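Structure first, then comments.
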Amino acid sequence: MEERRRLSILITPSAIFMLVLFVLPLLIMVVYTFRQGSFGPTSRIFTLAHYHDFLSDRALQGLLWRSVVQSFWISLISVCLAYPVAYHLSFQAGERKMTLLTIIIVTAWVSFLLRILAWKVLLGGSGAIASLAQSLGLSEEGMPFLIYSQEAVNLTLIYVWIPFVALPIFAGLERIDPSLHEAAYDLGCSRPEAFVRVTLPLSLPGVVAGFLFVFIPTVGEYVTPSLVGGTTGVMFGNIVRDQFVRALNWPLGSLMSLAMLIVVLIPLVIAARLFKFSDLAGL
Amino acid sequence: MELRNRFSLGSLYYWLVALFLYLPILLLIVFSFNDSTNLRFPLTGFTLRWYQELFGAGELLKSLWNSIWVGLWSSLAATVLGTMAAIAINRFEFPGKNIFIGISALPLVIPSVVIGVALLILYRQVFDVELSLLTVGLGHVVINIPIVLLIVSSRLAGFPANMEEAAMDLGASFWGAQLQVILPMSLPALVAAFLTAFTTSFDEYAMSVFVVGTNATLPVYMYSQLRFPRRIPIVVALGALIMVGSVVMIFVSERLRRAGEAK
Amino acid sequence: MAEVAVELKDVSKVFPAGRGAQRVTAVNAMNLQIWRGEFFTFLGPSGCGKTTTLRMIAGFENPTAGEITIAGEPMTDVPANKRPVNTVFQNYALFPHLNVGQNVGFGLKIKRVAAPERERRVKEALELVRMGGYENRRTTQLSGGQQQRIALARALVNEPTVLLLDEPLGALDLKLRKEVQLELKQLQSQLGITFIYVTHDQEEALTMSDRIAVMQDGVIQQMGAPREIYESPANRFVADFIGETNFLNGRLSQTTPAYRLTVAENEIAVKPPETAVSLNQAVTLAIRPEKINLYPVGTVADLQAQGTTAAELRRLFQGNIPTANSTVGDYLQGEGLVALPGTVVESIYIGTDIRYQVKLPNGESLIVRVQNLSGRYDTRFKVGDAVYAVWQPHEAQILTS
């Protein structure tokens with residue numbers, strides 16, 4: 001059983017690590033949802049009160065739903081904006097495609113905070129766009145309506161996500177055998193028809209991967225809303241964070257975090273059922 | 001004729017998107033040389049003041065150092081653990097393999113806030129440890145393992161399955177084959193995985209902020225500074241430097257990755 | 001008696017049923033001795049167990065039962081890296097991160113051979129495979145044929161007792177493959193190393209081997225020299241797998257004084273079978289397409305009337321042209337040849353040969369290959385022509401399984 005020993009030497013360290021620092025904390029978080037208080041004696045009392053609170057709080061559920069819908073649109077628009085870029089790179093850019101791809105991807109590696117900050121600066125009431133308009137004489141006052149809104153959050157996140165979405169779509173398009181397009185033309189398809197009937201369906205795993213890749217973190221997003229969202233742009237993630245940082249209601253925060261996890265796992269599981277894992281992962 | 005048309009249209013769109021992606025970043029860089037605390041037009045004059053003040057900003061530099069430190073160790077740990085797991089996945093069939101892959105990949109696709117919250121509860125309520133750079137670093141290993149696993153296992157899957165046998169046929173032991181053939185063969189992927197893990201750790205805020213102690217990492221410190229408008233230009237100046245640094249690093253790792261793929 | 005290089009005693013390999021896979025007996029109680037210095041080939045279709053056998057000798061698989069010895073040493077507890085064998089892999093398995101010289105020197109480095117000696121031996125090995133001076137090339141820059149040579153050098157440089165070759169020419173194109181076959185054979189006789197070769201290509205096996213083991217379903221169907229395997233296949237599988245063979249259903253109608261067989265509504269002469277066969281037993285008659293000749297039907301006068309030249313007639317009747325009103329059938333009978341009447345139903349021109357399909361009276365058909373020589377009457381038959389399919393009695397073989 002030499003083979004088993006080899007396998008266990010290779011796999012045990014990461015398996016134990018993931019169990020202790022990933023699976024265990026998630027399970028404990030679930031247990032925590034049943035506790036009455038965050039610390040001290042009340043944390044030892046088990047209760048369903050937080051479930052009751054959460055399920056009867058229409059505003060809270062509404063915010064979760066709104067964040068999910070908002071994430072859906074942000075992800076969809078990101079995919080729609082990124083798809084033509086990936087298509088251009090894969091089918092039209094020829095020799096330069098890897099260079100052009102790198103140009104796009106590099107922006108994804110610029111600090112997340114800085115990219116949000118850039119939009120805070122751009123959109124600010126007396127920020128770059130407003131002040132530029134002012135100095136060009138296009139506008140008299142500042143433009144306070146640009147920032148601190150849901151739209152500002154949407155714009156910023158779409159900006160942040162485009163390179164992340166372009167990569168898996170590009171990888172998906174690259175895996176399509178070019179002779180399939182030729183076969184489609186040969187069988188009488190026009191270019192748009194060939195795209196709709198061959199290219200698009202085959203690139204679907206990449207599209208779905210790109211979509212999920214941004215949808216999931218967007219549902220949990222709280223940094224962008226807190227920087228450019230103001231009071232109207234608040235997302236569910238902000239409330240979760242508040243339970244841990246301000247309200248110190250960890251059990252309710254855990255429950256909200258669990259609700260968020262369940263919401264994002266549903267599309268993930270569906271996608272995993274519909275597509276092969278290796279297609280989604282772009283392997 | 002039609003083809004030419006389509007090409008220029010796609011090309012035009014590409015460059016518009018690229019412009020959209022680069023303009024805000026370039027704007028920040030421009031402002032980092034502007035002689036005003038207000039990030040607004042019109043520009044008031046060229047200065048290197050913010051870059052000079054950077055060297056006096058002790059807290060900022062400390063958090064930078066913390067982030068480099070955490071990044072190096074968490075990426076190294078994730079690269080070692082993830083590579084071992086990738087070799088195991090590529091080489092062995094075992095019960096629960098798909099569950100292992102699924103769980104190991106999951107941190108990549110669940111919101112960081114969830115991981116942050118769960119780890120916070122684990123650290124404070126179960127282990128009762130003080131939050132520190134170690135607690136942040138361990139969290140970073142959790143999100144970096146999937147990255148390493150994906151990059152390295154996709155590289156390993158690209159090789160013929162019998163490389164290990166070929167090495168053993170020539171006299172190498174199992175572990176000798178791993179060290180002398182499998183690892184060197186995957187070296188470009190290991191470097192790429194390490195660099196990707198490092199930049200991920202270096203930039204991580206959403207989870208880190210839950211498990212960081214008083215000793216902040218760079219993103220956590222930067223975020224806290226955004227409340228003070230006078231500090232923003234310095235933060236931007238540091239950001240610009242890091243941006244240049246990370247762009248260089250990404251080009252290096254992409255080069256390596258592609259050099260490896262052009263087998 | 002020659003020395004035994006590799007011996008298999010009752011070796012079996014069973015792959016247990018797994019996820020979506022059934023339990024498979026890849027090798028079934030195999031007994032085998034391979035002589036030192038022999039070029040031995042396992043030949044069979046994919047899934048016959050030939051590669052599994054090779055992998056067990058190499059040490060990549062452990063036998064489920066039985067024992068393998070190499071040079072008299074039992075190998076049961078010896079891992080692959082400690083066996084005195086080296087392998088040339090089908091995909092060559094050259095290490096992509098090492099250059100040619102480092103690839104070839106890999107085994108020596110593992111054995112801690114000092115650098116100067118290592119370099120010398122690498123150089124020799126590369127020269128042996130006519131790749132001298134390629135030490136510093138990247139393996140990715142080489143053609144398939146060159147990679148194959150490097151893989152060979154990488155194995156040979158370790159001076160193995162036995163060299164294992166797993167379909168090493170499978171990825172090369174036909175012309176190159178033929179060239180390398182001859183080179184390999186020469187190299188083997190020059191070095192005197194035992195070669196154990198696995199292939200599904202019967203022509204390759206016949207060209208190179210001293211002995212061939214034809215395998216199917218984990219069992220050796222026949223083992224012997226190429227000529228023996230080709231000329232007297234032990235059973236229908238071997239006859240069918242090695243080259244092309246016609247099979248006719250027959251019944252033994254006479255055993256003394258000579259064996260006679262009823263096939264296709266005719267009684268013909270046949271050589272005695274290898275195994276015991278009783279009167280009236282149903283058997284299969286195997287005859288190779290190239291052993292059959294086609295003769296026209298009719299009298300000599302008929303042939304002349306059709307415009308057959310004197311030269312063609314001389315050739316057809318081997319110089320002894322019969323009288324004008326004697327028939328071809330009589331002539332064939334007089335010569336003691338087997339002659340089955342039939343009709344040409346297909347004629348295909350394939351360059352070196354003409355390939356006919358001849359339908360016999362009972363509906364069975366024969367494939368006949370006729371060499372495409374000028375001035376031969378039998379290259380000109382057309383679909384619909386009545387012919388005799390003719391062979392010498394000893395060319396056909398009775399098979400019972």
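The values are calculated or read from the model by the stated rules, or taken from the named source; none is laboratory data. None of these values were measured; they are calculated from a predicted model. Cβ atoms come from the backbone with ideal geometry, glycine included; neighbour counts cover every protein chain shown. With ligands, DNA and RNA removed, areas are computed over all heavy atoms of the protein, side chains included. Shrake-Rupley method; radii C 1.70, N 1.55, O 1.52, S 1.80 Å.
Things to note:
- Rounded to 10°, Cα long-axis angle of helix C:174-191 versus longest principal axis of chain C: 60
- Remark: relative contact order (chain B) = 29 percent; criterion is Cα-Cα distance under 8 angstrom and separation of 6 or more residues.
- For C:SER365, the accessible surface of its heavy atoms amounts to roughly 50 Å² (probe 1.4 Å, protein chains only, rounded to the nearest 10).
- Ordered from largest to smallest accessible area (heavy atoms of protein chains, 1.4 Å probe), the residues C:TYR134, C:TYR331 come out as C:TYR134, C:TYR331.
- J(HN,Hα) series, the range C:311-324, from Karplus relation 6.51 cos²θ - 1.76 cosθ + 1.60, nearest Hz, glycine and proline x: 4, 5, 5, 4, 5, 4, 9, 6, x, 9, 5, x, 5, 4
- Divided by 2.2 N^0.38 Å, where N counts the residues, the Cα radius of gyration of the range C:312-384 comes to 1.19.
- For C:VAL345, residues with placed amide H under 5 Å, excluding near neighbours: C:GLN357, C:VAL358, C:LYS359, C:GLY384
- Accessible-area ranking of B:ILE121, B:ILE68, largest first, probe 1.4 Å: B:ILE68, B:ILE121
- Other-chain or far-sequence residues with amide H under 5 Å of C:ARG376's (modelled H): none
- Ranked order, A:MET235, C:MET223 - accessible area, probe 1.4 Å, largest first: C:MET223, A:MET235
- Qualifying GluC sites (Glu not before Pro) in the range A:52-145, DSSP loop, other Cβ atoms within 10 Å at most 12: A:GLU140, A:GLU141
- Tensor-based shape of the range B:1-76 (alpha-carbon gyration tensor, a/c under 1.5 rounded, otherwise prolate or oblate): oblate
- Between amide H atoms placed 1.01 Å from N, distances below 5 Å from C:MET215 occur with C:LEU43, C:GLY44, C:GLN221, all of them 5 or more places distant or on a separate chain.
- C:ASP353 accessible area, assembled protein chains, probe 1.4 Å, Å²: 20
- Solvent-accessible surface (1.4 angstrom probe) belonging to A:CYS80, in square angstrom, nearest 10: 80
- Rg/Rh, computed from the Cα trace of the range A:58-280 with Rh as the Kirkwood radius, has the value 1.05.
- Principal-axis tilt of helix B:112-121 within chain B, Cα atoms, nearest 10 degrees: 80
- Computed from the C-beta positions of A:PHE39 and A:ARG175, the FRET efficiency with R₀ = 51 Å rounds to 0.50.
- 3J(HN,Hα) from dihedral phi, the range B:140-156, Karplus parametrisation 6.51/-1.76/1.60, rounded to Hz, x for glycine, proline: 5, 4, 4, 7, 8, 4, x, 4, 4, 4, 5, 5, 6, 6, 5, 5, 4
- Neighbour count of at most 12 Cβ within 10 Å plus DSSP loop: longest trypsin sites (Lys or Arg not before Pro)-free window in chain A: A:1-245
- Building the convex hull from the alpha-carbon atoms of chain C and averaging its projection over directions returns 25.8 nm².
- Filtered trypsin sites (Lys or Arg not before Pro), the range C:80-114: DSSP coil and at most 13 other beta carbons within 10 Å: C:LYS111, C:ARG112
- Comparing the range C:62-165 with the 2.2 N^0.38 Å rule of thumb, its C-alpha radius of gyration ratio is 1.14 (two decimals).
- Where Rh is the Kirkwood radius over Cα pairs, Rg/Rh for the protein assembly as shown: 1.12
- Using alpha-carbon coordinates, inclination of helix C:115-128 to the longest axis of chain C, degrees: 10
- The range A:30-119: chymotrypsin sites (Phe, Trp or Tyr not before Pro) in DSSP coil with no more than 14 other Cβ atoms inside 10 Å: A:PHE39
- Once you divide the Cα radius of gyration of chain B by 2.2 N^0.38 Å, the number left is 1.23.
- For the protein assembly as shown, the solvent-accessible area with a 1.4 angstrom probe is 45 square angstrom per residue.
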